[in-house]
Amino acid sequence: MYQLIAFDMDGTLLTSKKTIAKSSVEAIGRAQDAGKQVVLSTGRSLSELLPYGDDLRGIRYAILASGALIYDLEAKCVLAKQTLPAIAVDKVKAIAEAQDLMLVCMIDGQGYLQKSHFENIANYYMEIYTELYDKTAILVDNIYDLLAKEREHFDKINIYHFTARDRDQSYETLLSEKITMIKAEVSGLELTAQGVEKGQGLAHLAQKLNLPMEQIIAVGDADNDESMIREAGFGVAMGNANENIKGLADIIVADNDHGGCAQAIDDVLLADKI
């Protein structure tokens, strides 16, 4: 019945130590041997996949930047892209610069970060990503200058605040813009163009692959996975998922440290029946 399974990365395919479990790699191999498609659907940029190249071998398609960029990893080409409106980028710049907020900016699959923010990443509750950004991000002296220069070219912008209350204030300030906003991490706000979400990205990829959504499984744990779990024919929540995602899903599997992804593949994608 099911031909494709889409995995979120952080909190889903990645363990709490930001690694891909051996059980997941082996299950992905079983799925591919059975002729099924395994794809990524993540808020990450293309550059942030680099540390996982060996474990992701054989995965051809990736929905990146929360749906803003759809990429063919085998052909190394962009299949679809949507950028934030420049006027919204200008507003983000004004908000962030006034408060010295940390931004992670994505342009054509590459992540950018201001060096001083990276050096003080714990102030923004993002220290778990220190190694990732050190390996994959381009560190710039002034991220706000980048926003001004490349205002029409951003796939996605993540804003990290000093408090969750500050994040909520930014959310309210940006409500009038034609963008999609998702609250993430402790104090993060993820921004993409209006209507751009993982569910929209998954539907776009399904159309390119000539697959009905009824034949697609989506697996996730957090609010930015909601749209794809709603859109897919079958939704899977990780055991560590928030209550909203668990409530939407058709099934709940083990958590990301205890084989949940392998369970989703073996018990749903490769099962004769549910």
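The values are calculated or read from the model by the stated rules, or taken from the named source; none is laboratory data. These numbers come from a predicted model, not from an experiment. When we count neighbours, we look across all protein chains shown, and the Cβ atoms used for this are built from the backbone with ideal geometry, even at glycine. Heavy atoms of the whole protein, side chains included, go into the accessibility calculation; ligands, DNA and RNA do not. Shrake-Rupley method; radii C 1.70, N 1.55, O 1.52, S 1.80 Å.
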(Q) Tell me the net charge near ILE5. Cut-off is 12 Å between Cβ atoms, ILE5 excluded, with +1 for each Lys or Arg and -1 for each Asp or Glu. (A) -1
Q: Tell me the label-point distance for the pair HIS258, SER16, using the 7 Å Cα-to-Cβ offset, in nm and rounded to one decimal.
A: 1.1 nm
Q | Amide hydrogen neighbours beyond the local backbone of MET102, cut-off 5 Å, H modeled | A | TYR160
(Q) Helix-only mean residue ellipticity at 222 nm, the chain, DSSP H runs n ≥ 4 weighted -39,500 (n - 2.57), per residue, nearest 500. What is it? (A) -8500 deg cm²/dmol
Q. According to a simple spin-label model (label point 7 Å from Cα along Cα-to-Cβ), what is the distance in nm between GLN207 and GLN194?
A. 1.8 nm
Q) LYS22: which lysines have alpha carbons under 20 Å from its alpha carbon, excluding same-chain residues fewer than 8 sequence positions away? A) LYS36
Q) Taking 0.36 nm per intervening residue step and subtracting the Cα-Cα distance, what contour gain separates GLU97 from ARG60 on full extension? A) 9.5 nm
**Q.** Semi-axis lengths (Å, descending) of the ellipsoid that matches the C-alpha gyration tensor of the chain
**A.** 31, 18, 18
Q: Enter the accessible area per residue of region 84-191 (Å², integer; probe 1.4 Å; all protein chains in place).
A: 46 Å²
Q) With r defined as the distance between the Cβ atoms of ASP266 and VAL186 and R0 fixed at 35 Å, what FRET efficiency is calculated, to the nearest 0.05? A) 0.55
Q. Sorted by mean Cβ packing within 10 Å, highest first, what order do the peptides 245-252, 196-203 take?
A. 196-203, 245-252
(Q) Can you give me the % of accessible surface on the chain that is carbon or sulfur? Probe 1.4 Å, all protein chains present, nothing else counted. (A) 46 percent
Q.
Given Cβ point charges of +1 (Lys, Arg) and -1 (Asp, Glu) and nothing else, what value in debye, to the nearest 20, does the dipole of region 1-131 about its Cα centre take?
A. 300 debye
**Q.** region 84-191: relative contact order as a whole-number percent, Cα under 8 Å and 6+ apart
**A.** 36 percent
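Just check region 84-191 against the gyration tensor rule for me: Cα atoms, a ≥ b ≥ c as the square roots of the eigenvalues, rounded for a/c under 1.5, and otherwise prolate or oblate depending on whether a/b exceeds b/c. Display every interim value, and only then the final one.
Values: a/c = 1.61, a/b = 1.14, b/c = 1.41.
Oblate, because a/c is 1.5 or more while a/b does not exceed b/c.
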Q) Of LYS115/LYS198; LYS76/LYS149; LYS156/LYS178; LYS91/LYS115; LYS81/LYS198; LYS93/LYS156, which ones are farther than 19 Å apart at the Cα? A) LYS115/LYS198; LYS76/LYS149; LYS91/LYS115
